Every structure is written in structure tokens, then in C-alpha cells.
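Participant: Handing you this structure, nothing more for now.
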Amino acid sequence: MLKRFALIAAGLASSASPSVMAADAKDVPEKVTFEEHVKPIFRQHCLNCHHQGDKKGGLALDTFGSVVEGGGSGEVVYDDGDLGGSRLWQLVSHQDTPVMPPNQDKLPEPQLAIIKAWIEGGILENSGSKVKKKKANALAFVASTGGKPDGPAAMPETTPLATPLVTERASAITAIASSPWAPLVAIAGQQQIVLYHSDTGELLGILPFEEGIAQDLKFSRDGAFLIAGGGEHSVQGIVAIFNVTTGERVATVGDELDTVFGADANDAMNRVALGGPQKMLRIFDATDGEKLFDIKKHTDWIYAVAYSPDGILVASGDRSGGLCVWEAETGRLYLDLTGHKGAIHSLAWRDDSNVLASASADGTVKLWEMEGGKNLRTINAHGGGVTSVKFDHQGQIATSGADARAKLWGGDGNEIKNFPQGGEAMLEVAISHDGKRLIYGNWNGEVFNTPIDDANATSKLAANPPATASRLENAKTSLVSVQQRLEPVKAQLDQALAGLEAAKKPLAELDQKIAELQRQSAESETAATTAEQSVAKIDQQLPALSGETRDMQDQVTALRVSLASDATKMVPLAESEERFAGKLLELAKLRRQRTTEFDSIAAHRDQAAKQKAEADQLATTRAPLQEQIQKAQQVVDAAKQSHDEIASEAAKVESKIERLMANLN
């Protein structure tokens, strides 16, 4: 708790919010230069302390070269037009301390407007100077999905639910972390780390941390592991790594003589860095626990340690405001970042590893570029000190502070939202995987889970859950309640299903009638077609038969004429007349058949038309029945959804009861 005590001791005085100057265009020359416009302002207000003979803070402002060179804390202006990253502008505009000029009011607005235009215009020396091509804006950020697992993100499945230690009240919140890819948040408690579903607030698991209290929590790049650094003051400090899915502790690294304040693992999960009261940044092989580096530069307790997402760099910050960035593989110093005037409480990397955020007891969050260590922005975030800082995947920044507030900032350092006071100093903050929730905890041990778009929907998460037996009884009571809710819903579902079947029956009967009429109509059409084919066949036979009949008639006529002169023709005549009569009969029969088939065609076609019309008429009555079925189906779907949701809730409670009983035994 010493770290947190130091945080509160830093003071709870509020700081003035930054003001950004805006002046009319007529107040500022079109081309602002150092010699013509800025140097006279410096001569009037600054050169008593900042000249070649007396460089307060190592900074001289009487020549262009000395201004560009900067002071003891590095460059104060840049030729790329970056106003927000200019240390000179931060001080003269009173966005940071020490304000300049000291013990005086802020410079007049017209003079501030000239300095602002000079910096944004590329810090030109004189009227003959030309603007250099602007560098790429390091604050410009493209959202990254680096580290996202190919399959589902890790969530607790068989994680223990037993409470290692039951306390009357929660202690101050020392660490909160949010999974980068899942709705999962981890909260440090006494001898335990509690895992919650960030969207629902459901308790998903409790990881034993018997060494004491975790002072730092971080999820691995892919969210599959949780890295916890902590211990007990003046006794022991370690870093534990847990499998998120099972809750198993897969590694324990380090054996410090005091607690670990800052800890992290690299992207490959094969190295662990830690720091604490021993002022050493130690780096270990995570696979076998072997110590690889002892880095001795910090002169005070190390409060914060963080690997860059790409694993190339590791940053560390201490109680005296020391902030260093190291080469992760070699342990060599990469950047020594100066500017904070209070303890570094928290460090966070943007996803692209190009920007490091540092949160300090001096009330500011500073954004540092990793190419050269330029201070891109200084955000006056919280009066009394900033206690925690986190980035989300979009580059937004979440902070907490001793002013009892949590805040959300854009990647450019502009405030987006200020969340309601938490009563006491807010010590930790995390932002959910989807950037939609802020989770923050205070000195009283309260943890607030707040949707960013609805601050009134805040819920609380407990860092010290009740005893296992108590939660088991509560779960059993909850199961009974859920089952009682399920019974009427099941009855509603059964009733809805019966109503659906009742609605389907008339439609099925109607469809059966329509199908029968359509079948009959098709048969009638087939019969008409068959009759047409028969008529066509008859029409093919009639000409030949008619010809044969005429021939026979001619024969009979000829025999009758010849009979008068030849009596022997009597018998052939009789035979011819008999054949002729038979052919006439055959011809008449075929013609009658043709007439019958014609009548059949008409009858079948008429029948088919009537059957089709009847089927069409029935089809018009189908729509209301279909609508009734759709309504009945909607009732079933709604009832089924309610039933399945409650049944799923019951299954989860039953699973929780089984896990609690297993933990209890």
C-alpha cells in the first residue's frame, strides 16, 4: 500500500484546465518569424532569466539557435508545426508547470497568438526563411488488430471460484486490467484476483494470489494469459502468470525482498520485467525463471513497467519522476525521458508501439514519441495526480486521478468524457476490449463498471467477493428463482406451439384440396388432349375411308347398269352391295366417333377450367391462413427465445453451483 499512500500524499489540489489561445487573424502577421515578431516578446518577458549569460533550466531565448537547441529537458519547439508537443507553448500558455513567466499573469493574448502562429508556421528565423516540409504526425494512429487470436478470445471456463480470503471490506484498488479481445476484466484484491464479465458483471473466476496483493495486472498480447506482479511489503515480491481459460498458474518469476509494483511480459511471453522498492529493473526468462538483466539506473522505487506491444522496448518509471525506455533484448538504455515533476504511477503503450503514455503525480499525462523521445502532448489530466493510464485499440486514452474521477481522452489529447466522482481518489482505470466501457476503482475499494455512452448505467464489481459457501447458497436460491421463472415460460411455449399446430391444420387441409383440384384439372386436360389426338387420327382415316366408299358405290352403280344385259352379274352385284353397305356403316361409325370425341374435348376442357377456377378461388383464401400461421410462429419464436434465455441462465447457474461445490469440497 506504500505506493498508493505516496499517491494520495502527493495532494488533492485541483489544477486549472488548459486553455487554447485563439486570436483574430488581423492580430497575427501573415508570416511570423523569430527575429521580427517573437524575439521582441522574449526580450520583454523572458530574457532576464533565459539568455546566454544566465540559462535558467539550461535554456536561452535570446538567439534563434539557442531556442532551437532547447534546454536541460530537451527541445522546446519543433520545425514541424507541432504546437501541442512544444514545451515552450505548454509553459507560456500555462498548460504545464512551471508556468512562464514565473510569478506573473499569462502573456497577453495577442503575444500568445504570435508565438502560437510562429510555432505552427514552422519556427521561421527571419523573413528569408522557408517553411520546411512537415513531418508525419506521430499522434496520427491507424487502429490495429495485432495480437488478436485467430479463434475465439480466451475466457474463463474452469477457473476456480473459491474465495481465498474473506474480508469485511475491500482494500484500496491496486490494479485493474481488461482483456484486449474479450469482455473480461481482472481486479486485484487481497490474496486474490477476481475475474468478471465486463458486459454483464458476472463473476467468472477467482485466481489465488497467496503472496499478498497484486500491484500490477496486465493481459498478454493475445489475451490468453494474465500477468500479475505484487506480493507483501518487506517480505516478498513475485510475478505470477495465469492461464485465463483454466485459471492455472503457469509460471512464477522473481523473488524480491519487497513487493513488485510494476510487471509485464513481452509479446512472445518468454520474458518478464519487474520493478519495485529495490530500484532495479529486472528482466527474467519466463520459461525457466532465470534472471537475464539487472538494470541499475533508477534512483527511487520503480512504480511502473511496460513492454511495447511489439516487444522491442520496455519502459520503466519511478517515484521521483524518472522515466526510461530500454532495448528489450539487450537491456541498453534507449531513451531517458525527462519532464515529469512527480512520481510516474502508470505507463501505457499505443497499439502501434510508436507512442508511450506516462501518468504522473504532477497531474499530467505525457505522450512520448519513440523516434527521438519527443514529448508530443502534455495533458493536464487530474488535479492532485494521475494514478493510471490506458490506451484502447482506437488510440483513445483512459485515465484516473486523485481528484476522484476517471476520464476518457481522444488520441490527440482532447477530453472526450469526464465520469462522475467516485467519492475517493480513483487509483486504477481500464478500458474494455471494444472501447465501450470504463472500469475504474478507488481508495475505498469500490470498482465502477460504466458504459461510456451512458454514465448513469454504472454498476459495481467487488474486489472481495463473499465466502464460497455464501455464494453457493445464493446460487442455489438464484437457481430456484430461475426455475420458477422458467415454468410459466415453458407453459407459454407449449401453448404457443399448440396454437401454431392448430393454425397449420386448416392450411394443410386447404392445400390438400387445392392439390386435389389441380390434379383433377390436370387429368381433365390430359383427357381433352387424348380426345384431340383421337380426332386427329380419325381425320387422318376419314379421307381414305370416304374414297373407298365412293369407289364401292361406283362399282355397285356399274354392276346395276350391266345387270340389264347380263344376268350373271346378279351375284357380284349382291356381294358389292353388301360390301358397300358395310363400308357405309364403318364410315358412319367413324364420323359418330369423331363427333363424340369433339364433345369430349369440350367437356374435358370445361371441366378443367372449372377445377382450375375452384383451385384458384381456394388459393385466395390461403393468405389469411398463412398470416395466422406467421403470427402464431412469432408467438412461438418469442416464447422460445424467453424460454431459451432463462434455460441458459439456469444452466449457467447450475454450472456455477457445480464449480462452487467442487471448490467448497
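Taken together, the values in this text are just the output of simple stated rules run on the coordinates, not laboratory data. Computed from a prediction, not measured in an experiment: that's the story for all the values here. Glycine also receives a Cβ, built like all others from the backbone with ideal geometry; neighbour counts cover every protein chain displayed.
Participant: Note down the relative contact order for segment 176-465 as a percent, whole number, built from C-alpha pairs under 8 angstrom at least six residues apart.
Facilitator: Reported as a whole number, the value is 10 percent.
Participant: I would also like to ask the following. Taking the Cα centre of the chain as the origin and placing charges on Cβ (Lys, Arg +1; Asp, Glu -1), which of Ala286, Ser66, Pro506 is farthest toward the positive end of the dipole?
Facilitator: Ser66
Participant: Any idea what angle helix 109-120 forms with the longest principal axis of the chain, computed on alpha-carbon atoms, 0 to 90 degrees, nearest 10?
Facilitator: 60
Participant: At a Förster distance of 35 Å, what's the computed FRET efficiency of Lys589 paired with Asp616, Cβ-Cβ distance as r, to 0.05?
Facilitator: So the FRET efficiency works out to roughly 0.30.
Participant: Compute the signed sum of charges (Lys and Arg +1, Asp and Glu -1) over the other residues within less than 11 Å, Cβ to Cβ, of Leu590.
Facilitator: Value of the local net charge: +3.
Participant: Also, I was wondering about something else. Over 32 Å between C-alpha atoms is what I'm after, so list which of Lys56/Lys130; Lys291/Lys460; Lys55/Lys218; Lys612/Lys640; Lys56/Lys374; Lys148/Lys279 land there.
Facilitator: Violating the 32 Å Cα-Cα cut-off are Lys291/Lys460; Lys55/Lys218; Lys612/Lys640; Lys148/Lys279.
Participant: If each of Thr158 and Thr63 carries a label point 7 Å out from its Cα toward its Cβ, how far apart are those two points in nm?
Facilitator: 7.3
Participant: Further question: At what distance in nm do the modelled label points of Lys148 and Asp288 sit from each other, each positioned 7 Å from its Cα along Cα→Cβ?
Facilitator: 3.8
Participant: Taking the mean number of other Cβ atoms within 10 Å as a proxy for protection, how do you rank 192-199, 396-403 from highest to lowest?
Facilitator: Highest mean packing first, the order is 396-403, 192-199.
Participant: Net charge around Leu472, counting only other residues with Cβ within less than 11 Å of its Cβ (Lys, Arg = +1; Asp, Glu = -1)?
Facilitator: Combined, the nearby Lys, Arg, Asp and Glu give +2.
Participant: Tell me, what ³J(HN,Hα) does each residue in segment 635-644 have, in order and in whole Hz, if you take phi through Karplus 6.51 cos²θ - 1.76 cosθ + 1.60 with θ = phi - 60° and put x for Gly and Pro?
Facilitator: Per-residue couplings from phi come out as 4, 5, 4, 5, 5, 5, 4, 4, 4, 5 Hz.
Participant: Once the Cα atoms of segment 223-279 are picked out, what are the Rg and Dmax in Å?
Facilitator: Both quantities, over Cα of segment 223-279: 11.3, 34 Å.
Participant: Please give the length that would be gained between Arg332 and Glu487 if that part of the chain were fully extended, namely 0.36 nm times their separation in residues minus their C-alpha to C-alpha distance (nm, one decimal).
Facilitator: Result: 49.1 nm gained on full extension.
Participant: Ok, one more. Ranked from highest to lowest mean number of other Cβ atoms within 10 Å per residue, what is the order of the peptides 384-391, 158-165?
Facilitator: Going by the mean number of other Cβ atoms within 10 Å, highest first, we get 384-391, 158-165.
Participant: Let me have the 222 nm mean residue ellipticity of the chain computed from DSSP H runs of 4+ only, each contributing -39500 (n - 2.57), with the sum over all residues rounded to the nearest 500.
Facilitator: Taking each H run of at least 4 residues, the total per residue is -12500 deg cm²/dmol.
Participant: Would you please give the FRET efficiency between Thr246 and Arg519, computed as 1/(1 + (r/R0)^6) with r the Cβ-Cβ distance and R0 = 45 Å, to the nearest 0.05?
Facilitator: Calculated value: 0.10.
Participant: While we're looking at this one, here's another question. Given Cα pairs under 8 Å that are at least 6 residues apart, what percent is the relative contact order of the chain?
Facilitator: Relative contact order here is 10 percent.
Participant: Computed over the Cα atoms, what is the radius of gyration of segment 176-465 divided by 2.2 N^0.38 Å, N being its residue count?
Facilitator: My calculation over the Cα atoms of segment 176-465 gives 0.90.
Participant: Starting from the Cα gyration tensor of segment 354-452, take the square roots of the eigenvalues, sort them a ≥ b ≥ c, and report rounded, prolate or oblate (rounded when a/c is under 1.5, otherwise prolate if a/b is larger than b/c, else oblate).
Facilitator: oblate
Participant: I'd like the FRET efficiency for Leu542 and Leu573, computed as 1/(1 + (r/R0)^6) with the beta carbon distance as r and R0 of 22 Å, rounded to 0.05.
Facilitator: Here the calculated transfer efficiency is 0.25.
Participant: Can you give the Rg/Rh ratio of the chain, where Rg is from the C-alpha atoms and Rh is the Kirkwood radius?
Facilitator: So for the chain, dividing Rg by the Kirkwood Rh gives 1.44.
Participant: Something else about it: Determine the gain in length on full extension of the stretch Ser459-Asp511; use 0.36 nm per residue of separation and subtract their C-alpha separation, reporting nm with one decimal.
Facilitator: 13.2 nm
Participant: I've got another one for you. Which residues among segment 608-631 fall inside the zone where the amide N is under 15 Å from a point 7 Å beyond the Cα of Thr529, along Cα→Cβ?
Facilitator: Residues passing the 15 Å test: 608-609.
Participant: Counting only Cα, what are the radius of gyration and maximum Cα-Cα distance Dmax of segment 539-665, in Å?
Facilitator: For segment 539-665, the Cα radius of gyration and maximum Cα-Cα distance read 42.8, 137 Å.
Participant: What GluC sites (Glu not before Pro) does segment 165-237 have in DSSP loop regions with at most 10 other beta carbons within 10 Å?
Facilitator: Answer in residue order: Glu168.
Participant: Let me ask you something else. Counting only other residues whose beta carbon sits under 15 Å from that of Lys341, what net charge do I get with K and R as +1, D and E as -1?
Facilitator: Net charge in that neighbourhood comes out at -1.
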